[in-house]
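The values are calculated or read from the model by the stated rules, or taken from the named source; none is laboratory data. Please read these numbers as outputs of a predicted model, since none were measured by experiment. Using ideal geometry, Cβ is built from the backbone for each residue, glycine included, and neighbour counts are taken over all protein chains shown.
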Amino acid sequence: MRIVVTGGAGYIGSHAALSLLRTGHQVLVLDSLARGHAAALDRVRQSAGNHAQSMTFERCEVGDREAVTEHLRGFGAEAVMHFAALAYVGESVDDPLLYHWNNTAQVVRLLQSCRDAGVNRFVFSSTCATYGEPQRVPIAETEKQHPINPYGWSKLHVERVLADEHVARRRVGLPFAYAALRYFNVAGCDTSGTLGEDHRPETHLIPILLQVALGQRPNATVFGTDYPTPDGTCVRDYIHVQDLVNAHADVLDAMGDDDARVYNLGIGRGYSVLEILEAVRRVTGHPIPVEHGPRRAGDPPALFADPKKIRNELGWNAQITDLDEIIASAWAWFQANPEGYPE
């Protein structure tokens, strides 16, 4: 299949591009490189071997309707996997217009390009942040969605746009299938060591702890130790990035011409901040000094997925669920690439 991967120079998008190439698909990466890494695409080509020629790259904003439509038509695109997004919660609070423009408005234009080019399958990277502070955990897809920050709202708005476009196309007899995949915490790196996680600035727990182990930070901060959880720290669901991108491929393979699918992507159990800390200490052999800070506003005590729906409908299960294994794959990348991708 000819699949467009937006944000393919980013953390998740580059892993998706490599996985799709390895399984015989043709891939067009669209990325502005505002926060992605051209070097990640070089690594994808190197690791894809004989499949490398099946990937092309165009540098552009996904909201550039004219350019994107031309690229989709020229490529003969059959489906879009949309990963391009801004994903810093704090930044979204400080600059909500940036997030509503980048994560919502530009996707509307991307969907217009899809309509113009006759692309009728769309897989969207959504987030568990659309649930806000859920009443029940583990979280099922039926849980009420009420985000508590602009980032979550920017993603939920797109889910609504997709649903409305699906209804509108159906009304006039035109095919349009979509899936909204609500991510929980994505972690780990490609087990071959080719690709990794390189955010600037870094805000994710596991990479921050690994940067402490590398001597790039003096310590890490544990925000809140008095939550109503077994050890007093927040509990989160960590899904390995390879399992995540495999789920995208499974969803795309299963989509019919008129499907509207929503799935949570997680492993179905949570790990606390202190459990993550101890696992990083085990894997790296480093003491990882920490400081204790106050709770962060809007941090729910526990967020982890109920993944039964995708398991029951598609037979998908996360394959890498051992915490030490997830962290070890990231540690291998950080040791080999302590400064991240070369710029």
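Below is a table of values for the structure above.
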| item | result |
| --- | --- |
| Residues of the stretch 301-336 that turn out to be more than 20 Å from the chain's Cα centre (by Cα) and over 18 Å from Pro207 (Cα atoms), as a count | 4 |
| Within the stretch 92-108, tally of residues that are under 13 Å from Gly152 (Cβ atoms) and modelled with pLDDT under 95 | 2 |
| The lone exception for Asp257 - which of (1) touching a helix residue (DSSP H, G or I) at 6+ places or on another chain (Cβ under 6 Å); (2) assigned to a loop (DSSP other than H, G, I, E, B) it fails | (1) |
| Helices (runs of 4 or more DSSP H) wholly inside the stretch 91-185 that include at least 3 residues being crowded, with 22+ Cβ neighbours inside 10 Å | 106-117, 150-171 |
| Subset tally (residues that are closer than 21 Å to Leu111 by Cβ, among the small types (Gly, Ala, Ser) and surrounded by fewer than 24 Cβ atoms within 10 Å (Cβ to Cβ)) for the stretch 1-35 | 2 |
| Where Val273 falls short, out of the listed (1) closer than 26 Å to Tyr341 by Cβ; (2) among the β-branched types (Val, Ile, Thr); (3) more than 15 Å from the chain's Cα centre (by Cα) | (1) |
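Listed here are the residues, each with its yes/no results for (1) modelled with pLDDT under 95; (2) under 22 Å from Gly196 (Cα atoms); (3) surrounded by fewer than 16 Cβ atoms within 10 Å (Cβ to Cβ).
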| residue | (1), (2), (3) |
| --- | --- |
| Asp237 | no, yes, no |
| Thr284 | no, yes, no |
| Pro301 | yes, no, no |
| Gln319 | no, yes, yes |
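Yes or no, residue by residue, for (1) buried (at least 18 other Cβ atoms within 10 Å of the Cβ); (2) touching an Asp or Glu at 6+ places or on another chain (Cβ under 9 Å):
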| residue | (1), (2) |
| --- | --- |
| Pro228 | no, no |
| Leu244 | yes, no |
| Leu252 | yes, no |
| Met255 | yes, no |
| Gly268 | yes, yes |
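The rows are residues; the columns are (1) under 20 Å from the mean Cα position of the chain (by Cα); (2) outside any helix (DSSP H, G or I); (3) of a type outside the set (Lys, Arg).
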position: Val262; (1), (2), (3): yes, yes, yes
position: Arg269; (1), (2), (3): yes, yes, no
position: Pro287; (1), (2), (3): no, yes, yes
position: Glu291; (1), (2), (3): no, yes, yes
position: Gly340; (1), (2), (3): yes, yes, yes
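Conditions (1) within 21 Å of the chain's Cα centre (by Cα); (2) charged (D, E, K, R), marked per residue:
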{"site": "Gly36", "(1), (2)": "yes, no"}
{"site": "Arg43", "(1), (2)": "yes, yes"}
{"site": "Ser54", "(1), (2)": "no, no"}
{"site": "Glu61", "(1), (2)": "yes, yes"}
{"site": "Asp64", "(1), (2)": "no, yes"}
{"site": "Ala87", "(1), (2)": "yes, no"}
{"site": "Gly90", "(1), (2)": "yes, no"}
